[in-house]
Amino acid sequence: MRLGTCYFPEHWPESDWDRHIELMKQARLDTVRMGEFAWSRIEAKPGQFDFDWMDRTLDAMHAAGLEVTLCTPTATPPKWLMDQDPSIYAIDSQGRTRGFGSRRHYRFASQAYREQAARITEVVAQRWGQHPAVTAWQTDNEYGCHDTTFSYGPQDLEAFKAWCEQRYQTPEALNQAWGNKFWSMEITDFDQLWLPVGSVTEMNPAACLAYRRFGSDMVQDFNRLQVDLLRRHSPGRLLAHNYMGFFTEFDHRQVAQDLDVASWDSYPLGFTDLFIPHDDERQRYMRTGHPDIAAFHHDLYRGMGRLWVMEQQPGPVNWAHNNPAPLDSMMHYWLWEGWAHGADVMSFFRWRQAPWAQEQMHAGMLRPDGQPDLAFYAAQQAANERDQLAGRDWRIGQAPVALLLDYPNLWSQEIQPQGSMWNPLRECFRWYSALRRLGLDIDIKGHGDDLGGYALVVAPAAPALRPEHLASATGRVLLGPRTASKTDELSIPAGLPMADLMPLKVIRVGSYGPLWRASTSDPSIELEGWLETVETDLPSQLQDAQGQGIHFRWQHLDYLAGRLTDASLTHWLQARCGESGLAVQRLAQGERVRTRGNVRFRGYCGDAQVATADLLGRQTLSKGQFGLESTDP
């Protein structure tokens, strides 16, 4: 349960560094991230290195007792390198070069850039990999940010051809997998392959899915190249990458296999503005963030490694459609919320607000004039409270509920949503949020993870779910619409959807849009936007007004053949929890709980007050506050 910040010593006069480090100690910080955008300061010209400024910074950090997470600077290749080899630039889906002037201006599949990235990674790892201040490394920064996972140039096509040849072996096998007999798309040689952009109308979905897999593999390969060098030259240090919120362009679990720490960048207000679809919810949580956004990602990434939050929102940011100032209490709230969900490190981005360039409207722990801002005092307060609770049990145990989230399953539905309202990641989030409204802790798992010991396993959006993925489940399994509806190559299964999992076939799918509602045989449950027709001898547990079955049960599986409204979903899940012996509590609007060891976090983003028996002396919680309760008898 440590505190940190993201620092850019290269942005400030060296005369400021000692004061900055002294203030970091006053803020009770433990760790500092540095170097992710510093390539031009480390190597101003090809082979011309300046190490002294970082040497002095690291020495000063170590003397002050601060640990450093150092970064490979590959997210920002310098101008001299791009001029030297313009083929490194990515090409967008319209065939235009994505040029210099910001960051992430490279292609993952560029062999020339991989060589340069390996070279600079080895340089920094050899120079600072054994420095006593350096206890961890971050590879690059926010892979895929700004739509940079994919590029569509001639070199990308050549790499894709090679990837397809390795995956499918023969053109005939590819034709079969993709269904290329449709619209005369068959190939006789891998050289005839195309990039899945720019077609007259809808692209072959299997080709699109293959390109998503290819792009994800390129990210993993690029990351592994750096990981291998860091482990060789800086043994014993933790390796991390900072993932993003609501981002699905590459398989994060795949990349995490090579790392120790799964960190992410938490900006609850920005994500609320961009991701939450309902105006009333965006308005209600404008200054607190939706109460499930940070929690969802904490639980997601905790399932991939040691959880760190590498960048925590410190105040207003600069990149959403609207960028409100958080309530004064929220920075403190977010620190404890992250700790409650298992984070080892909570690190504010950034240390000092820059008065120039692209992020000058992004707040920091210090204002642009160098004076402490709200996040500074939030860190002090959280550290003091943490010390008061020394001796508590902070271990993270297994939650009672597991939610399945698999990236290739998300991709297949993003490619073929079968209706504009269907968003698979939002479906996962809706089920997660409904379970959280019932006061439950949740682990987010991938296909193939061990599901033993969970009272309930939920799969909200899993079209490629197979029986083997559920073999370890010991509790009830709840399956949402579209489950087991696609093959791994994005075709309809030969036996029809769901037939592999239970004696039931989905024979027809209706996508009706967000304005369509339909009542059911349970007055508390209403359908919204989606309804499937099934063929089965199983009795239905729930029907629509015309008597069509919606909920079916077989052995330990429950299948829901329609999309429920948010309130209906909560009601339906509560009933299933009761059948599974799970005790639930309907929380107040905006109220959430999470248990870590023998302490329960109770957060509140609502508009009224709730009571709590708080270990730190609070008796009631108002909007933007939290309490810590003992779970001991």
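How many of the residues making up the range 519-571 are closer than 19 Å to T483 by Cβ, within 35 Å of the chain's Cα centre (by Cα) and among the acidic types (D, E)?
3
Kindly establish whether V509 is under 25 Å from the mean Cα position of the chain (by Cα), closer than 20 Å to G549 by Cβ and assigned to a strand (DSSP E or B).
Taking the combined requirement at face value, the residue does not satisfy it.
M24 passes all but one of (1) in a helix (DSSP H, G or I); (2) of a type outside the set (V, I, T); (3) over 30 Å from G597 (Cα atoms); which number fails?
(3)
Could you list, in sequence order, all residues of the range 262-284 that are among the β-branched types (V, I, T) and in contact with a Ser or Thr (Cβ under 9 Å, 6 or more places away or on another chain)?
T272
Look at the range 293-308 and say how many of its residues are farther than 11 Å from H341 by Cα and either aromatic (F, W, Y) or buried (at least 23 other Cβ atoms within 10 Å of the Cβ) (or both).
Count: 1.
If you take the residues of the range 471-511 that are closer than 25 Å to A399 by Cβ and free of Cβ contacts under 8 Å to residues at least 60 places away in the same chain, which of them is surrounded by the most Cβ atoms within 10 Å (Cβ to Cβ)?
Checking each candidate, the answer is A484.
Could you say which residue among L58, L29 is in contact with a His (Cβ under 7 Å, 6 or more places away or on another chain), crowded, with 18+ Cβ neighbours inside 10 Å and not aromatic (F, W, Y)?
Within the list L58, L29, the selection yields L58.
So, in the range 572-611, exactly how many residues are farther than 15 Å from R436 by Cβ, in a loop (DSSP other than H, G, I, E, B) and in contact (Cβ under 8 Å) with a residue 24 or more places away in the chain?
Residues that pass the stated criteria total 5.
Can you tell me which residue in the range 619-633 is farthest from W394 (Cα to Cα), limited to those that are surrounded by 13 or more Cβ atoms within 10 Å (Cβ to Cβ) and of a type in the set (D, E, K, R)?
Applying the filter and picking the extreme gives K623.
Kindly indicate the residue of the range 32-75 that is among the acidic types (D, E) and part of a loop (DSSP other than H, G, I, E, B) and also nearest to the chain's Cα centre (by Cα) among those meeting that condition.
E36
Quick check: is even one residue across the range 551-571 in a helix (DSSP H, G or I), buried (at least 17 other Cβ atoms within 10 Å of the Cβ), at pLDDT 95 or above and in contact with a helix residue (DSSP H, G or I) (Cβ under 6 Å, 6 or more places away or on another chain)?
Looking through the range 551-571, at least one residue is in a helix (DSSP H, G or I), buried (at least 17 other Cβ atoms within 10 Å of the Cβ), at pLDDT 95 or above and in contact with a helix residue (DSSP H, G or I) (Cβ under 6 Å, 6 or more places away or on another chain).
Note down all Cβ pairs under 8 Å where the first residue falls in the range 313-332 and is farther than 12 Å from F271 by Cβ, the second is basic (K, R) and in a loop (DSSP other than H, G, I, E, B), and they're at least six residues apart or on different chains.
Listed by first residue and then by second, the contacts come to P314/R350; P324/R287; A325/R287; P326/R287; L327/R287; L327/K623; M330/R287.
Can you find even one residue in the range 478-497 that is outside any loop (DSSP other than H, G, I, E, B) and under 22 Å from T536 (Cα atoms)?
yes
From E385, E414, which residue is of a type outside the set (A, V, I, L, M, F, W, C), surrounded by fewer than 17 Cβ atoms within 10 Å (Cβ to Cβ) and in a helix (DSSP H, G or I)?
One residue alone meets the criteria, E385.
Restricting to the range 223-276, what's the tally of residues that are among the aromatic types (F, W, Y) and within 20 Å of R33 (Cβ to Cβ)?
Looking only at that region, the number is 4.
Please determine whether any residue of the range 277-284 is without any contact (Cβ under 8 Å) to a residue 40 or more places away in the chain, over 30 Å from W194 (Cβ atoms), surrounded by fewer than 23 Cβ atoms within 10 Å (Cβ to Cβ) and basic (K, R).
yes
Scan the range 569-593 residue by residue and report those that are within 28 Å of S622 (Cβ to Cβ) and in contact with a Gly (Cβ under 8 Å, 6 or more places away or on another chain).
Across the range 569-593, the qualifying residues are V584, Q585, R586, L587, A588, Q589, G590, E591, R592, V593.
Looking at the range 90-107, which of the residues that are under 17 Å from L195 (Cα atoms) and not hydrophobic (A, V, I, L, M, F, W, C) is surrounded by the most Cβ atoms within 10 Å (Cβ to Cβ)?
Ranking the qualifying residues of the range 90-107, first place goes to R107.
Give the number of residues within the range 338-362 that are in contact with a strand residue (DSSP E or B) (Cβ under 9 Å, 6 or more places away or on another chain), within 21 Å of G270 (Cα to Cα) and assigned to a loop (DSSP other than H, G, I, E, B).
Residues in the range 338-362 being in contact with a strand residue (DSSP E or B) (Cβ under 9 Å, 6 or more places away or on another chain), within 21 Å of G270 (Cα to Cα) and assigned to a loop (DSSP other than H, G, I, E, B): 6 in total.
State all residues of the range 616-633 that are on the phi < 0 side of the Ramachandran plot, in a loop (DSSP other than H, G, I, E, B) and touching a helix residue (DSSP H, G or I) at 6+ places or on another chain (Cβ under 8 Å); if no residue qualifies, say none.
Listed by number, the list holds a single entry, L616.
For the range 92-143, give me the residue count where each residue is in contact with a strand residue (DSSP E or B) (Cβ under 6 Å, 6 or more places away or on another chain) and of a type in the set (A, V, I, L, M, F, W, C).
Of the residues in the range 92-143, 5 are in contact with a strand residue (DSSP E or B) (Cβ under 6 Å, 6 or more places away or on another chain) and of a type in the set (A, V, I, L, M, F, W, C).
Kindly establish whether D265 is touching a helix residue (DSSP H, G or I) at 6+ places or on another chain (Cβ under 6 Å), crowded, with 20+ Cβ neighbours inside 10 Å and acidic (D, E).
no
Considering the range 551-605 alone, what residues qualify as being in contact with a Pro (Cβ under 7 Å, 6 or more places away or on another chain) and of a type in the set (A, V, I, L, M)?
Scanning the range 551-605 gives L560, A561, L582.
The values are calculated or read from the model by the stated rules, or taken from the named source; none is laboratory data. Not measured: the values here are computed from a predicted model. Note that we place each Cβ from the backbone using ideal geometry, even for glycine, and neighbour counts take in every protein chain shown.
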